[in-house]
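Let me begin by presenting the structure, written as C-alpha cells, before commenting on it.
The values are calculated or read from the model by the stated rules, or taken from the named source; none is laboratory data. All of these numbers come straight from a predicted model, not from anything done at the bench. Using ideal geometry, Cβ is built from the backbone for each residue, glycine included, and neighbour counts are taken over all protein chains shown. Surface areas here come from the heavy atoms of the whole protein model, side chains and all, with no ligands, DNA or RNA. Shrake-Rupley method; radii C 1.70, N 1.55, O 1.52, S 1.80 Å.
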Amino acid sequence: MIKVLIVDDSAFMRNALSNMLSSDPEIKIVGTARDGLEALEKVASLNPDIVTMDVEMPRMDGITALRHIMEKNPVPVIMVSSITTEGAKVTLDALDLGAVDFIPKNLSDLSINIVKIREILIDKIKHIARKGIVKRRIRPVTAPKAVEISKSMPVRTTGERRINLVSIGTSTGGPKALQEIIPKLPKDFPTPIVIAQHMPPNFTGPFAERLNQLSQITVKEAEEGESLKNGVAYIAPGRGHMRVKRPRGVETVITISEGKEEFIYRPSVDALMFSVAEFFPGRALGVILTGMGNDGLKGLTELKKTGGRIFAQNEETCVVYGMPKAIVDAGIADKVLSLEEMAGEIINAV
C-alpha cells in the first residue's frame, strides 16, 4: 500500500486529488495538510511514501516546506504548480531542491479530462513511490564542469559514419537529468542537439533559459523553421511536436506541429526520433533518459534500423525506469549508461 500525503490550501484540490488517488486500491491517503507548517508535522508523524505539494500556500509556501522536508525527513515530493510562466520558474526551483516531479494545476483540464489526468497521476505516484527518493545533496544551482576531451579517446575508423545530430528524449526526472548532461558539453560541441522533454507549454521556455544559463553551449526553445546549428541545443516547445526536416537542399530546419496527432505525450519523443531517422540515416545518436511509459521506442527502433546509435540511461540513476527500460528490453541500446557517464559518452560518440 502506497501512503500519500496531500498538501494544498485549496479544499477543492485536496478533495479532487484525494478522490482521484484513493480510487486505486494500491494507494491510501494517510492525511492532508493546508499549508507548509502542517505538512512538516504530518510528514514527521504519518511517514508517507510520497507527498503532493502545492507551491503557493499561506504561513509556509511549498518551496520552503520542501526544503525542510529534504533536510529533515526526505521523502519523494511531487509539486502541484500553476501553469503560468512564473509558476514554471518556481517549479524548476523545486526540482533543484529535490522534488522528483510536478503536476500542472490546470482546473479547467481537471474538470474536462478527469479520467486521463487520474490515470497519469496514479501511474506517476506508483512509479515514483516504488523507486523511492533519489538522494541529492541540496546545493545552489550551478553548472557542472564541462567534460574535458581526452587526447587518448578512441580514433574513429574510416568505416564509421560521422554522427551529425544528437537527439534526446525524456520525461519524469528529465529536467534534473538534462542539467547533469548539457552543461558538461564543451562550447565547441560539433553537432546540433534536439530534445523532447514532456512538459506543458509555459514550462519549456523557462527551462531552456535556465539550462542555457548553466551551459557552455547555447540552449533555446525551438522555433518553427529555424535552421539547426552546431553547438546549439533545441528544446521542443510544450505546445506541440518537434521534428527535423530538410526542405531546402542540405539545410536542416525545425518544424513544430500543434495539431492533434496520434501521439499520447507532448512533445512526443517518437515524433522527433522518426524524423531524425528519416533525415539523418546512420548519422544520428539517440539518447533516452528517465521517464514513464515507452515514448521513444517506436522512433528509436526506426533510428536503429537506419544505422543510428542509441544510448539509454541505466535503472539505478533513473527517477522512473520506464522509457529507457523499453529500449533496453527491445535490445536496441548500444550502451546503457549511468547519468554521470552520459555526457562523456555523448562527446566520445560525436
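Criterion first (of a type in the set (S, T, N, Q) and either assigned to a loop (DSSP other than H, G, I, E, B) or open to solvent by less than 10 Å² (accessible area, probe 1.4 Å) (or both)) does ASN348 satisfy it?
no
Within this structure, PRO190 passes the test of being part of a loop (DSSP other than H, G, I, E, B), open to solvent by 10 Å² or more (accessible area, probe 1.4 Å) and modelled with pLDDT of 95 or more. Looking across region 117-143, the residues that are modelled with pLDDT of 85 or more and β-branched (Val, Ile, Thr) come down to ILE122, ILE125, ILE128.
Checked against the criterion of being open to solvent by 10 Å² or more (accessible area, probe 1.4 Å), modelled with pLDDT of 95 or more, more than 26 Å from SER82 (Cβ to Cβ) and touching a Ser or Thr at 6+ places or on another chain (Cβ under 7 Å), the candidates ASN212, ASN230 yield just one match: ASN230.
Take region 31-55 and flag every residue that is in contact with a helix residue (DSSP H, G or I) (Cβ under 7 Å, 6 or more places away or on another chain) and either surrounded by fewer than 17 Cβ atoms within 10 Å (Cβ to Cβ) or more than 17 Å from PRO74 (Cβ to Cβ) (or both). GLY31, THR32, ALA33, ASP54, VAL55, listed by residue number.
Within region 305-336, how many residues are in contact with a Gly (Cβ under 8 Å, 6 or more places away or on another chain), over 17 Å from ARG130 (Cα atoms) and open to solvent by less than 70 Å² (accessible area, probe 1.4 Å)? Break it down stepwise before answering.
Step one: filter region 305-336 for residues in contact with a Gly (Cβ under 8 Å, 6 or more places away or on another chain), giving 306-311, 318-320, 322-324, 326-327.
Next cut, over 17 Å from ARG130 (Cα atoms) only: 306-311, 326-327.
Pick out the ones that are also open to solvent by less than 70 Å² (accessible area, probe 1.4 Å) and you get 306-308, 310-311, 326-327.
Residues in region 305-336 being in contact with a Gly (Cβ under 8 Å, 6 or more places away or on another chain), over 17 Å from ARG130 (Cα atoms) and open to solvent by less than 70 Å² (accessible area, probe 1.4 Å): 7 in total.
PHE279 satisfies every condition listed in (1) touching a residue at least 40 places away in the same chain (Cβ under 8 Å); (2) within 12 Å of SER167 (Cβ to Cβ); (3) open to solvent by 30 Å² or more (accessible area, probe 1.4 Å) except (1).
Residue-wise test of (1) touching a residue at least 24 places away in the same chain (Cβ under 8 Å); (2) farther than 23 Å from GLY344 by Cα.
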position	(1), (2)
SER257	no, yes
SER275	yes, yes
ARG283	yes, no
LEU297	yes, yes
THR301	yes, yes
LYS304	yes, no
ALA312	yes, no
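What do you reckon, is THR91 surrounded by fewer than 20 Cβ atoms within 10 Å (Cβ to Cβ), part of a helix (DSSP H, G or I) and touching a helix residue (DSSP H, G or I) at 6+ places or on another chain (Cβ under 8 Å)? Even if it seems obvious, please write down each step before you answer.
Details: surrounded by fewer than 20 Cβ atoms within 10 Å (Cβ to Cβ): no; part of a helix (DSSP H, G or I): yes; touching a helix residue (DSSP H, G or I) at 6+ places or on another chain (Cβ under 8 Å): yes.
Taking the combined requirement at face value, the residue does not satisfy it.
Among the numbered conditions (1) farther than 17 Å from ALA129 by Cα; (2) among the charged types (D, E, K, R); (3) open to solvent by 10 Å² or more (accessible area, probe 1.4 Å); (4) in contact with a strand residue (DSSP E or B) (Cβ under 7 Å, 6 or more places away or on another chain), the only one that ASP8 does not meet is (3). For the criterion of being open to solvent by less than 10 Å² (accessible area, probe 1.4 Å), more than 23 Å from ILE2 (Cα to Cα) and either modelled with pLDDT of 90 or more or not hydroxyl-bearing (Ser, Thr, Tyr) (or both), ALA99 fails.
Looking only at region 282-304, filter to residues that are under 14 Å from ILE193 (Cα atoms) and among the hydrophobic types (A, V, I, L, M, F, W, C); which one of those is surrounded by the most Cβ atoms within 10 Å (Cβ to Cβ)?
To start, the set of residues in region 282-304 that are under 14 Å from ILE193 (Cα atoms) comprises 283-288.
Narrowing further to those that are among the hydrophobic types (A, V, I, L, M, F, W, C): 284-285, 287-288.
Numbers: ALA284: 25, LEU285: 24, VAL287: 28, ILE288: 31.
Result: ILE288.
Criterion applied to GLY240, GLY205, GLY231, GLY225 was being farther than 23 Å from LEU337 by Cβ and in contact (Cβ under 8 Å) with a residue 40 or more places away in the chain, and the one residue passing it is GLY205.
For region 36-50, does any single residue satisfy the condition of being within 20 Å of the chain's Cα centre (by Cα) and either over 25 Å from ARG210 (Cα atoms) or not hydrophobic (A, V, I, L, M, F, W, C) (or both)?
Step one: list which residues in region 36-50 are within 20 Å of the chain's Cα centre (by Cα), which gives 50.
Applying the additional criterion that residues be either over 25 Å from ARG210 (Cα atoms) or not hydrophobic (A, V, I, L, M, F, W, C) (or both) yields 50.
Within region 36-50, one or more residues are within 20 Å of the chain's Cα centre (by Cα) and either over 25 Å from ARG210 (Cα atoms) or not hydrophobic (A, V, I, L, M, F, W, C) (or both).
On inspection, ARG239 passes the criterion of being under 19 Å from the mean Cα position of the chain (by Cα) and open to solvent by 80 Å² or more (accessible area, probe 1.4 Å).
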